[in-house]
Amino acid sequence: MALLQIAEPGQSSAPHEHRIAIGIDLGTTHSLVATVLSGKAKVLNDEQGRVLLPSIVHYAEQQTQYGNEAAPFITSDPKNTIVSVKRFMGRSQADIKFQHPYALVGEANEMPAFETAQGRKTPVEISAEILKQLKDRAEASLQNPVNGAVITVPAYFDEAQRQATRDAAQLAGLNVLRLLNEPTAAAVAYGLDQESNLSTDRNYVIYDLGGGTFDVSILRFSQGVFEVLATGGHTALGGDDLDRLILKWAKKQLNIETLDDAEYAHFIVAARKAKEALSDAETVQIQLLDQVLNLDRPTFEEIIKVALDKTISVCKRVMRDAKLELDDIQNVVLVGGSTRSYAVQKAVGDVFSQEPLCTINPDEVVAIGASITANQLIGNSTDGSLLLDVTPLSLGLETMGGLVERLISRNTAIPVARRQEFTTYQDGQTAMLIHVVQGERDLVEHCRSLGRFVLHGIPPMTAGQARIEVTFQVDADGLLTVSAKETTSGVHAQIDIKPSYGLSGEDTERLLLDGYKFAEEDKNLRHLNETKVEAQRELEALVQALKVDAALLTEEQLAALQTAQAQLETELQGSDIKAIESAVEQLKIHSDAFAAARMNQHIDAALKGTKLDDWSNSN
Ligand code: ADP
Ligand code: MG
């Protein structure tokens, strides 16, 4: 991967003025804010001295409550108490398959709204309320308005989810300096970039298991610069799942079949308390209805194994992506509240054959890193080498035969711009459809369509002569702009891709996994489609040539050519690649003779004194 060092030196007009920049970890479970004061990153607490703001909003008829104040209503008023809203960000009704107590409204393919005592509230609005709380906290604590913010998102967030986050920040009145991947922020917090005196490259694994998301990233630190080698994860796997697994186990132990919404919300809280307590104790008690259960560490380990195994297989996959062996990893860094569990630490330690690092508070590390980046971006710091983020999925466009031409492959560092030249397929073609897709598969139908637009006004030319330059540009937040330009005429068209809300984390995951699973099949399909496109091109050219010069052929030659032509047309209906190839061969034998005859005719014409210009025009 090409590496860019992005230096963004101080841009403040008044050089000595300290501008207020904050870093916000907008978490599924907890959110928090940090800032750099006198060169040191600090998390900011509320008036009660609390750092973690539970990401909970309670909409009562008369008032709205947040965080700890909203928490009691999870059990007493679950429908109006929104928790884990991050799981709903940028996702459609159809994507939401997990259990929740909410009344959602909206079409299946759009981001739903919550029906609350205060009316409809979208995930973007609810997230904005949380961000606003943190902005207010920072302004009260720093006694100054906030000039800019860096907000972190899971590395696996797709463009719809990132866009939803950005919208929420704007709604909260925040000037977003950048969206930053959470594991990247954690690496900054650990100051892994302070090891520049080391002459050898160093590789780090960042394992982040929070409440609702799992991310693993491999970073390489080399000659003073970080490179993100690979990322992977699940947007729907975290501590919440461990709670559900405990609840499932408990229900089975006690022969409880069903729970109503209120009971469910109540027991989930109990399961979570038990899990958290197990990080300090060997055995804990859980009360369910009127019964009490004992849960010890080995049993807990067994219960959550299924979830941890998923994280472990993602770890193995990103190691393969990064082409690294265990020996290449200097350190493994733990991030996220769930990594406080002994069972998690043990599982991670086992897979990487080393003791993972957990020296910075795993709840705070992301916000701290975000504040350091914010401080650089706002111009308070001059050592401005910033970490790079990567694209989570490949980006490309549709070409003939429903094939994907990849312009930016996944795990490419962003911001990035890639340009490629395309041409017209038919003579006199004056418009071209640009269809932008995302995914790892070779065929358009297996990828996700992000958007399409038409480049109009291409001057009529012979097929293959137009030069259409398509540029894909992904900005630092992962938002994509695609533009197309016909260079001989200068006609230009462009779209900003703000995909409709709805590509779920599972979809991202599926698009990735499919890319691996179907690699062989895709290769064959690609080969078939390419062969077909090539054959169609030959046929097209032949039809054009026959229109002009059919008279050059004897009746016999013409008949043979037409038979071969018909044969190829028939084979193109099917998908037998060998048959198509041999029909093309057959056609070539006859069309080569035709081409030779045409060539001779032109040479004759030239010898008779036709100007060279005429000759090339008629060719
Ligand atoms: P997010 O980034 O998703 O908001 P956090 O990093 O705040 O999540 O982690 C929240 C998760 O950490 C919750 O599932 C919570 O139960 C879990 N957690 C918090 N403290 C502990 C603990 N002591 N032991 C185990 N899990 C914990
Ligand atoms: Mg987190």
Overall form of segment 286-384 per C-alpha gyration tensor (a/c, 1.5; a/b vs b/c): oblate
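How do 69-78, 149-158, 30-39 rank on mean C-beta neighbours within 10 Å, highest first? Kindly include the intermediate steps, with their values, before the conclusion.
On the way: 69-78: 17.3, 149-158: 27.6, 30-39: 20.9.
Sorting 69-78, 149-158, 30-39 by mean packing, highest first, produces 149-158, 30-39, 69-78.
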Net charge of neighbours whose Cβ lies under 9 Å from the Cβ of Pro183, counting Lys and Arg as +1 and Asp and Glu as -1: -3
Whole-number percent relative contact order across segment 517-607, with pairs defined as alpha carbons under 8 Å at least 6 apart: 34
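Hey, what did the chain get for relative contact order, percent, Cα under 8 Å, at least 6 apart? List each step's numbers first, then the result.
On the way: 1212 pairs, mean separation 89.7, N = 619.
Answer for the chain is 14 percent.
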Distance between segment 204-269 and segment 31-85 - C-alpha centres, whole angstrom: 20
His590, His492, ranked by accessible area, largest first (probe 1.4 Å): His492, His590
Loop-located GluC sites (Glu not before Pro) in segment 221-280 whose Cβ has at most 14 other Cβ within 10 Å (DSSP): Glu257
Simple Cβ-charge dipole of segment 390-503, Lys/Arg +1 and Asp/Glu -1, about Cα centre, in debye nearest 20: 140
The chain - share of DSSP beta bridges that are antiparallel (%, nearest 5): 85
Neighbourhood charge, 15 Å Cβ-Cβ cut-off, centred on Tyr59 and excluding it, Lys, Arg +1 and Asp, Glu -1: -2
Cα lying deepest toward the dipole's positive end in the chain, options Leu525, Thr28, Val344, charges on Cβ: Thr28
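Note down the relative contact order for segment 390-503 as a percent, whole number, built from C-alpha pairs under 8 angstrom at least six residues apart.
Values: 269 pairs, mean separation 28.5, N = 114.
The value is 25 percent.
Which trypsin sites (Lys or Arg not before Pro) in segment 219-324 pass both tests, a DSSP loop state and at most 12 other beta-carbon atoms within 10 Å?
The qualifying sites are Lys323.
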Environment charge of Gln565, counting only residues whose C-beta is closer than 14 Å and scoring Lys/Arg +1, Asp/Glu -1: -3
Packing-based order for 345-357, 130-142, 179-191, using average beta carbon neighbours within 10 Å, highest first: 179-191, 130-142, 345-357
Residue-averaged [θ]222 nm for the chain, counting only DSSP H segments that reach four residues, each worth -39500 (n - 2.57): -12000 deg cm²/dmol
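The values are calculated or read from the model by the stated rules, or taken from the named source; none is laboratory data. On a predicted model such as this, the values are computed, not experimentally measured, just so you know. A quick note on method: Cβ atoms are made from the backbone with ideal geometry, for glycine too, and the neighbour counts reach across all protein chains shown. Note: accessible area is taken over every heavy atom of the protein model, side chains too, but ligands, DNA and RNA are not part of it. Shrake-Rupley method; radii C 1.70, N 1.55, O 1.52, S 1.80 Å.
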